[in-house]
Amino acid sequence: MFINRMKNEGTAYGVFKVFNGIVMVAVILITLIPYLNVLAKSINDGVDSMRGGIFLWPRVFTLENYKVLLNDSSMYRATLVTIAKVVLQVTGSILLQFTAAYALSRRELWGLKAINIFFLVPMYIGGGLIASYILFSYVGLLNNFWVYVIPCIWNFYNVIIIRSYMESNIPDAVIEAARIDGAQEWTLFSRIVLPLCKPILATIVLWVAVGAWNEWTTTLYYIQNPDLYTLQYKLMQTLKESERIRALMQQAVESGKSVEEVAQGMKVTTDSMQSAQIIIVTLPIIAVYPFLQKHFVKGVTLGSVKG
């Protein structure tokens, strides 16, 4: 039956489909197996994990790693900070970037070329970290929650993608007809343009949300208050601590001590905590992504037709 289908579809296309299926299965395994390995370590006894050999299934099942994490009040505070950061970044980005893209998509805008150049140049030329630090210190954003939001809601690359989508998929006749009916610019944008931009809206929401959720360098550079730490920054701290503890334990083992002696009295280890924290941090994105996947693909392909 498979050979008959290949003959009907053409041998070359049939070979392509088989090769494509093999590649896709390989990609799925390459991305899924490391995650399942981390999941297995997160529900395995920490001291037992130090012996190695954990692959896709825990050897000594335990939920102690998650209990320790969930009993840490700073984790809840970091979660709230991260969620607030994502929500405000997404909301601000949508409002600012879509309104800017709508304005720049209007050919009658005076000085359109100069405005495009004005925003395009900083995409390639920037002041760097030191200039940003000095600027944020002057405007009071150091050690301030709003450093997560205000500098991050503008992205001219996203504006270009949104503008291209609007120009490619929203005819000028629709805008003109609404204006003849008496619609003002905000009405045009909110009731006509924005509803027609659902695919690219989902795309930008996904880009901004994933970027805001995963980003931790802002905390490293500009935040000293532990109450403003994000989940990703705490994960980075756990990774650094894990490296330090691993080095100390390696020295102890090399001096003749056994793993059991070194880890005596420990319920969890930094490695096991690190695995549990990775699972907690990545689950929200994994849960949200499938619902935006269809719009994401459509938005990227349609938004890139015209530059």
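The values are calculated or read from the model by the stated rules, or taken from the named source; none is laboratory data. This structure is a prediction, so every number in the text was calculated from the model and none was measured. Note that we place each Cβ from the backbone using ideal geometry, even for glycine, and neighbour counts take in every protein chain shown. Note: areas computed on protein heavy atoms with side chains; ligands, DNA, RNA excluded. Shrake-Rupley method; radii C 1.70, N 1.55, O 1.52, S 1.80 Å.
Data overview
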| item | result |
| --- | --- |
| Top-ranked residue of the range 56-114 - restricted to ones that are within 30 Å of Ser164 (Cα to Cα) and part of a loop (DSSP other than H, G, I, E, B), ranked as least open to solvent (accessible area, probe 1.4 Å) | Ser105 |
| From Leu292, Leu302, Leu235, Leu231, residue being under 30 Å from Ser168 (Cβ atoms), modelled with pLDDT of 65 or more and surrounded by 14 or more Cβ atoms within 10 Å (Cβ to Cβ) | Leu292 |
| Considering residues of the range 142-164 that are of a type outside the set (Ser, Thr, Tyr) and open to solvent by less than 20 Å² (accessible area, probe 1.4 Å) only, the residue nearest to Ile117 (Cα to Cα) | Phe156 |
| Qualifying residue in the range 98-116 (condition: among the β-branched types (Val, Ile, Thr) and either modelled with pLDDT of 90 or more or closer than 30 Å to Ile200 by Cα (or both)) | yes |
| Qualifying residue in the range 170-178 (condition: under 22 Å from Pro226 (Cβ atoms), free of Cβ contacts under 8 Å to residues at least 40 places away in the same chain and surrounded by fewer than 16 Cβ atoms within 10 Å (Cβ to Cβ)) | no |
| Pairs with Cβ under 9 Å, 6+ apart, first in the range 51-70 and farther than 11 Å from Lys41 by Cα and of a type in the set (Asp, Glu), second open to solvent by less than 70 Å² (accessible area, probe 1.4 Å) and part of a helix (DSSP H, G or I) | Glu64/Gly46; Glu64/Ser272 |
| Residue list for the range 179-199, filter: closer than 21 Å to Asn116 by Cα and open to solvent by 70 Å² or more (accessible area, probe 1.4 Å) | Glu185 |
| Qualifying residue in the range 203-223 (condition: acidic (Asp, Glu) and assigned to a helix (DSSP H, G or I)) | no |
| Close pairs (6 angstrom Cβ cut-off, 6 or more residues apart or separate chains): within 25 Å of Gln274 (Cα to Cα) in the range 17-44, β-branched (Val, Ile, Thr) anywhere | Val38/Ile278; Leu39/Ile279; Ala40/Ile54; Lys41/Ile54; Ser42/Ile279; Asn44/Ile54; Asn44/Val60 |
| Boolean, Gly14 is in a helix (DSSP H, G or I) and either hydrophobic (A, V, I, L, M, F, W, C) or surrounded by 16 or more Cβ atoms within 10 Å (Cβ to Cβ) (or both) | yes |
| Which numbered condition Pro199 fails, given (1) in a helix (DSSP H, G or I); (2) out of contact with any Lys or Arg (no Cβ under 9 Å at 6 or more places or on another chain); (3) not aliphatic (A, V, I, L, M) | (2) |
| Residues being among the small types (Gly, Ala, Ser) and surrounded by 11 or more Cβ atoms within 10 Å (Cβ to Cβ) - total across the range 17-47 | 3 |
